[in-house]
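**Q** Questions regarding the structure given below will be posed in turn.
The values are calculated or read from the model by the stated rules, or taken from the named source; none is laboratory data. The structure displayed is predicted, hence computed values, not measured ones. Here the Cβ is made from the backbone with ideal geometry for all residues, glycine too, and neighbour counts use every protein chain on show.
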Protein chains: 2
Amino acid sequence: MTLTSIAEDDDQDIEATTSTTIYVCITCRRAGDPEDGVRPGLLLARATARAAEGTGVTVRQVRCLANCTRALSAAVRCDGAWTYVFGGLDADKDAGALIEGARLLARAEDGVMPWRGRPEILKRGLIARVPPIDFEEESE
Amino acid sequence: MTLTSIAEDDDQDIEATTSTTIYVCITCRRAGDPEDGVRPGLLLARATARAAEGTGVTVRQVRCLANCTRALSAAVRCDGAWTYVFGGLDADKDAGALIEGARLLARAEDGVMPWRGRPEILKRGLIARVPPIDFEEESE
């Protein structure tokens with residue numbers, strides 16, 4: 001399926017036919033958090049899984065996105081789109097923002113998560129993005 | 001091709017049959033660099049392309065990996081492996097390290113770029129990593 005053919009479907013079909021996944025780092029903790037006890041990253045993963053129910057977005061727990069200095073961390077990927085890594089997330093507040101970002105990315109015809117309408121934490125918490133597999137080189 | 005079948009080949013075959021790509025951000029500049037003139041990121045992309053000759057590693061120029069605060073930036077991806085984003089790169093010095101990192105990743109049977117033997121700049125410059133598409137969830 002190409003981005004063009006996705007674009008010809010309506011929103012509902014897009015979300016059903018594209019595979020959108022949020023990877024939440026369950027080893028993440030903030031500076032000063034105890035090493036034992038439940039990791040805040042795990043709490044964020046659980047909250048995101050709850051928030052994803054019925055949305056078609058998949059949530060996967062992952063051990064370390066290597067963004068430890070700017071935890072909590074999550075990555076959002078979607079077939080044919082750029083993959084986004086976010087940091088500075090809050091387990092109590094940001095699950096919904098991750099779902100909203102994933103849905104924005106799934107609907108984006110150009111594979112880029114739009115800045116406009118993106119939840120604020122996914123703006124200031126943007127760590128990096130990686131091109132889709134079929135990415136064509138950009139000229140100088 | 002699975003990671004298992006890759007592991008059964010010898011090193012040369014691995015590098016020939018896996019698709020290993022380095023994405024170099026050509027818009028990157030360091031704090032204080034002029035906005036006009038050749039971007040250091042472009043210089044790094046060119047140096048990395050030269051260093052890749054004959055290695056089987058593909059180098060792609062990309063406009064912005066969104067790691068602007070910790071430029072220069074590049075990402076290394078390989079089929080079936082984690083994708084790695086690096087920052088703090090130097091256009092004059094680090095092209096070879098990116099190639100070495102890409103080759104380490106291509107040879108890694110577990111899809112993880114080994115820490116041991118990894119060029120120093122790919123240790124201290126690690127920004128984030130993202131799981132492969134076929135990643136299976138890790139348990140709590």
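**Q** Which one of the conditions (1) at pLDDT 80 or above; (2) more than 20 Å from B:I99 (Cα to Cα); (3) surrounded by fewer than 18 Cβ atoms within 10 Å (Cβ to Cβ) does B:R29 fail to meet, given that it meets all the rest?
**A** With (1) at pLDDT 80 or above; (2) more than 20 Å from B:I99 (Cα to Cα); (3) surrounded by fewer than 18 Cβ atoms within 10 Å (Cβ to Cβ) applied to B:R29, the lone miss is (3).
**Q** Please go through region B:56-70 and pick out each residue that is surrounded by fewer than 23 Cβ atoms within 10 Å (Cβ to Cβ) and assigned to a loop (DSSP other than H, G, I, E, B).
**A** Listed by number, the residues that qualify are B:G56, B:R63, B:C64, B:A66.
**Q** Okay, next question. Kindly indicate whether B:R50 is at pLDDT 50 or above, out of contact with any Cys (no Cβ under 6 Å at 6 or more places or on another chain), surrounded by fewer than 18 Cβ atoms within 10 Å (Cβ to Cβ) and assigned to a helix (DSSP H, G or I).
**A** So B:R50 fits the description; yes.
**Q** Exactly one condition in (1) within 8 Å of another protein chain (Cβ to nearest Cβ); (2) touching a strand residue (DSSP E or B) at 6+ places or on another chain (Cβ under 6 Å); (3) small (G, A, S) is false for A:S139; which is it?
**A** Among (1) within 8 Å of another protein chain (Cβ to nearest Cβ); (2) touching a strand residue (DSSP E or B) at 6+ places or on another chain (Cβ under 6 Å); (3) small (G, A, S), the lone unmet condition for A:S139 is (2).
**Q** Within region A:111-139, work out how many residues are surrounded by 22 or more Cβ atoms within 10 Å (Cβ to Cβ) and free of Cβ contacts under 8 Å to residues at least 24 places away in the same chain.
**A** Residues in region A:111-139 being surrounded by 22 or more Cβ atoms within 10 Å (Cβ to Cβ) and free of Cβ contacts under 8 Å to residues at least 24 places away in the same chain: 0 in total.
**Q** For a quick check of your reading of the model, give me the residue pairs whose first member lies in region B:52-66 and is within 9 Å of another protein chain (Cβ to nearest Cβ) and closer than 13 Å to A:A128 by Cα, whose second is of a type in the set (D, E, K, R) and in a strand (DSSP E or B), with beta-carbon atoms closer than 8 Å and at least 6 apart or on different chains.
**A** B:C64/A:R129; B:L65/A:R129; B:A66/A:R129
**Q** Turning to a different aspect of this structure: Just to be sure I understand, how many residues within region B:114-140 are modelled with pLDDT of 95 or more, among the small types (G, A, S) and either closer than 17 Å to A:V59 by Cα or not in a loop (DSSP other than H, G, I, E, B) (or both)?
**A** Residues flagged as modelled with pLDDT of 95 or more, among the small types (G, A, S) and either closer than 17 Å to A:V59 by Cα or not in a loop (DSSP other than H, G, I, E, B) (or both) within region B:114-140 amount to 1.
**Q** Might you check whether a residue that is within 14 Å of chain A (Cβ to nearest Cβ) and surrounded by fewer than 19 Cβ atoms within 10 Å (Cβ to Cβ) occurs anywhere in region B:95-110?
**A** Yes, the conditions are met somewhere in region B:95-110.
**Q** Right, another one. Just checking, does region B:74-83 include any residue being out of contact with any strand residue (DSSP E or B) (no Cβ under 7 Å at 6 or more places or on another chain), surrounded by fewer than 23 Cβ atoms within 10 Å (Cβ to Cβ), within 9 Å of chain A (Cβ to nearest Cβ) and touching a residue at least 60 places away in the same chain (Cβ under 8 Å)?
**A** yes
**Q** Here's another thing I want to ask about it. Can you pull out every residue in region A:71-107 that is under 11 Å from the mean Cα position of the chain (by Cα), farther than 15 Å from A:L126 by Cα and not in a helix (DSSP H, G or I)?
**A** Within region A:71-107, A:C78 is the sole residue that qualifies.
**Q** Test each condition in (1) in a loop (DSSP other than H, G, I, E, B); (2) within 13 Å of chain B (Cβ to nearest Cβ) for A:L43 and report the one that comes out false.
**A** The one condition A:L43 does not meet is (1).
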